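Shown next, in structure tokens, is the structure this report addresses.
The values are calculated or read from the model by the stated rules, or taken from the named source; none is laboratory data. Just so we're clear, the structure is a prediction, and the values are computed from it rather than from any experiment. Please note: Cβ atoms are built from the backbone with ideal geometry, for glycine as well, and neighbour counts cover all protein chains shown. Each accessible area value is taken on the protein alone, full model and side chains, heavy atoms only, with ligands, DNA and RNA left out. Shrake-Rupley method; radii C 1.70, N 1.55, O 1.52, S 1.80 Å.
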Amino acid sequence: MTPKPATGRPMRSDDIVYLRSVEDPQVSPDGTAVAYVVVTPRLAENRYDRRIWIQSLKDDDAQPLTGGGKERLVRWAPNGKNLTFVSDSEDGWSEIFSLPTNGVGERQLVARWWGRITEVQWSPDGSKIAFLARTPDETQYGAAGSQISGAEMPARRLHRLIYRLNGVGWTFDRPVQLYVLNADGDTQPRALTEGPWSVEGLAWSPTSEEIAFVSARHDDSDLDLCNDLWTVEVANRSNLKRLTNSTTALHSPAWSPDGSKIAYYLNPTPLESPRHKRIAVFELASNSQTVLTSELDRTCSPFGSPTSPCWSNSAIVFGVEDQGNVHLYGIDSSDSGSAPERLVDGDVWVSEWSVSGNTLAYVASSATTLPELFVRTDFVPHARSFGLGTAIQSVSDGGRSDDRLVTKLSEALVNEIDVAEPIEFTAISSDGSAVQCWALLPRGFEAGRSYPTLLNVHGGPFTQYGNHLFDEFQFQSAAGFGVLYCNPRGSSGYSEAWGRAIRFPQAKSDPGSGWGGVDFQDVMACVDEAMRRFDWIDEDRLGILGGSYGGYMTSWAIGHTDRFKAALSERACNNLLTMEHSADIAGFVRSYVGVSHLDDPGAYMDHSPVNFLKAIKTPTLILHSELDLRCPIAQAEELFVGLRLLGQRPEFVRFVDETHELTRSGSPKHRKERAEIVLEWFSRHLK
């Protein structure tokens, strides 16, 4: 591949201000407008600005509805004349506001809640608003607005394994509950659920008489990781019904327009990871569940996407991860012979979507563009006729004429900065398996020269790299590094067998190599094939880095090869034995191993990087956030202390007041500082 001439400047760490994105598209009830949120990093103020916009599809006019701040969860009233949204204040309150969509009139405060509101929905008849919010135990935290100080707070009493959550903190004494109030705000919120069990998902029945939600309310839910679909009557909360049988895990319910079914994402075996999430419907008349996507060998709940399955008449619209892309699919729930069909395909990454009337709106990005809003106004799903021919082919070109590019957030970025384009290639692993890989040329590339090159490993492990703009790769390329990345076995986006290949040998079902087995072979095959294809890679100046599971693979790799001359192990899980009982997701590692760490601790240690510390000679940077509960910071401390006691000189960087999400949603200043630390480290050791 011949690189295109550089016309702009290289990307710098402070260019985080250009990384704007569209979130939460919501099509109006009549399909003639789309409301959405634009998120803009503000480096000087060290915050994210969130502004609500409305795009008219009649006259192509876009107007900001709010002045910017912390607005989110924008939702249309059923009559289309009002929008509600949530605004978060600096003092810990969440406020629900209603605002006329014509721009005439002031915002009206509908409800004010001490703590974070996580979801909002209008009732179909427009009379009520339901929301989900954490409800702190007042004996533990104090009354609303007057929190008890830590020095005077009572001791916590724990009885279950899952009691806190990364980025959220304590959860067992702050469960999410379901509330409802009149839409005009003239009543106080009324709780429809209570007790120590949290609620997830919120779906009104078409009659506005019931609400469906998901909750794990059985005694051993922290051991089996299962939950259930529930309904509750709005007029009488005592009429609470469990619809499923506590043997699976599901999330994000959506009630069908005719009221006969509830759709959701289904994990059939939560204790046997990984599994493809499937689209399932619960039929209320027969009290039975039907899985609609059993024959589609891809996961149907893209990692990180907050969107529930969307109904359009009898059809359901959902996202599918596929070989580095995220596409939109549809399936007709009324036709037992219906097969899923693609609605949006190509080299794209669809992150959110919304359907109303004949309008489909979705947010999509590519490897060289930011998340942008697209709209299709002739969307009329029928059985076996979802309009496959109107699928967009290139987000970077604005899509085909069938799908309108609404926002142009990428223009400011690509007009000033040279964005590196990936080169896709295939590596053949040691057992003959084909691994999808990509490379980015270093900025200023000249034929005949060799360059230091960085191998990146994604987290998860059941996630994927692919066709969306990733700022970390762009920073690395702009700094003069070649960039490699791939989707080894264990990744999502491929067959379920591909994802389950790294289940542990001790697992009773589908035993595999365990972490650090065929996945390690695959990432090394990526390096080998890249070396064969690209003469610009300097074999003596290779680096490796990754976060979370990618940090695990980094720590594992440098304990099993000396090919890398520098490494960055970030927010890693380095000791699977201690990880199993200290992370906020107790049972996650066990779901791969197949046996408890109490029954076979050796199975966990055999695949733990800390078991191979004496073999590590590679200069290692260890980076972690002090509030990380997903991979607690003790995981980093074990690696650091062990290497230092062995006479090595690792560097340990700890970020204050950040969580596992530092690289995605950490404070803008910390994200900038982190990027500079990473580039300085590899420049010092590889240049």
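Listed residues PHE462, PHE470, PHE475, PHE445; which is aromatic (Phe, Trp, Tyr), open to solvent by 10 Å² or more (accessible area, probe 1.4 Å) and touching an Asp or Glu at 6+ places or on another chain (Cβ under 9 Å)?
Exactly one residue qualifies, and that residue is PHE475.
From the list GLY126, GLY145, which one is open to solvent by less than 60 Å² (accessible area, probe 1.4 Å) and modelled with pLDDT under 95?
GLY145
Do we have ALA675 as small (Gly, Ala, Ser), open to solvent by 20 Å² or more (accessible area, probe 1.4 Å) and within 29 Å of the chain's Cα centre (by Cα) here?
When the stated conditions are applied, ALA675 does not pass them.
Answer yes or no: is there a residue in the range 100-110 that is basic (Lys, Arg) and at pLDDT below 95.
yes
Scan the range 299-338 for residues that are assigned to a loop (DSSP other than H, G, I, E, B) and either open to solvent by less than 50 Å² (accessible area, probe 1.4 Å) or of a type in the set (S, T, N, Q) (or both) and report the count.
Selection size over the range 299-338: 18.
Residues to consider are LEU623, LEU568; find the one that is touching an Asp or Glu at 6+ places or on another chain (Cβ under 6 Å), in a strand (DSSP E or B) and open to solvent by less than 10 Å² (accessible area, probe 1.4 Å).
Step by step, each of LEU623, LEU568 is checked, and only LEU623 is touching an Asp or Glu at 6+ places or on another chain (Cβ under 6 Å), in a strand (DSSP E or B) and open to solvent by less than 10 Å² (accessible area, probe 1.4 Å).
Answer yes or no: is there a residue in the range 596-614 that is within 21 Å of the chain's Cα centre (by Cα) and surrounded by 17 or more Cβ atoms within 10 Å (Cβ to Cβ).
no
Where in the range 172-282 are there strands (runs of 3 or more DSSP E), lying fully within it, with 2 or more residues that are basic (Lys, Arg)?
The qualifying strands (runs of 3 or more DSSP E) are 240-242.
Quick check on SER667: is it surrounded by fewer than 22 Cβ atoms within 10 Å (Cβ to Cβ) and polar (S, T, N, Q)?
Yes.
Looking at the range 589-598, is at least one residue outside any strand (DSSP E or B), of a type in the set (A, V, I, L, M), without any contact (Cβ under 8 Å) to a residue 12 or more places away in the chain and on the phi < 0 side of the Ramachandran plot?
Yes, the range 589-598 contains a residue that is outside any strand (DSSP E or B), of a type in the set (A, V, I, L, M), without any contact (Cβ under 8 Å) to a residue 12 or more places away in the chain and on the phi < 0 side of the Ramachandran plot.
I need every pair where a residue in the range 485-508 that is surrounded by fewer than 19 Cβ atoms within 10 Å (Cβ to Cβ) has its Cβ under 9 Å from the Cβ of a residue that is β-branched (Val, Ile, Thr) and not in a helix (DSSP H, G or I), sequence separation at least 6 or different chains.
Cβ pairs passing all conditions: GLU496/THR299; GLN506/VAL595; LYS508/VAL595.
Which condition does LYS4 not pass, out of (1) open to solvent by 40 Å² or more (accessible area, probe 1.4 Å); (2) in contact with a Ser or Thr (Cβ under 7 Å, 6 or more places away or on another chain); (3) at pLDDT below 95, if it passes all the others?
Of the numbered conditions (1) open to solvent by 40 Å² or more (accessible area, probe 1.4 Å); (2) in contact with a Ser or Thr (Cβ under 7 Å, 6 or more places away or on another chain); (3) at pLDDT below 95, the odd one out for LYS4 is (2).
Here are the criteria: (1) farther than 25 Å from SER608 by Cβ; (2) touching a residue at least 24 places away in the same chain (Cβ under 8 Å); (3) part of a helix (DSSP H, G or I); (4) open to solvent by 10 Å² or more (accessible area, probe 1.4 Å). Tell me which single one MET531 does not satisfy.
In the conditions (1) farther than 25 Å from SER608 by Cβ; (2) touching a residue at least 24 places away in the same chain (Cβ under 8 Å); (3) part of a helix (DSSP H, G or I); (4) open to solvent by 10 Å² or more (accessible area, probe 1.4 Å), MET531 misses (2) alone.
Among the residues of the range 43-75, which ones are part of a strand (DSSP E or B), among the hydrophobic types (A, V, I, L, M, F, W, C) and open to solvent by 30 Å² or more (accessible area, probe 1.4 Å)?
Within the range 43-75, TRP53, ALA62 qualify.
Between residues in the range 657-682 that are part of a loop (DSSP other than H, G, I, E, B) and residues that are open to solvent by 10 Å² or more (accessible area, probe 1.4 Å) and hydroxyl-bearing (Ser, Thr, Tyr), which pairs lie under 8 Å by C-beta distance while being six or more apart or on different chains?
Going by the 8 Å Cβ cut-off, the qualifying pairs are ASP657/SER667; GLU658/SER667; HIS660/SER548; GLY666/THR659.
Would you confirm, using the coordinates I've provided, whether SER208 is of a type in the set (S, T, N, Q) and exposed (fewer than 15 other Cβ atoms within 10 Å of the Cβ)?
No: the conditions fail for SER208.
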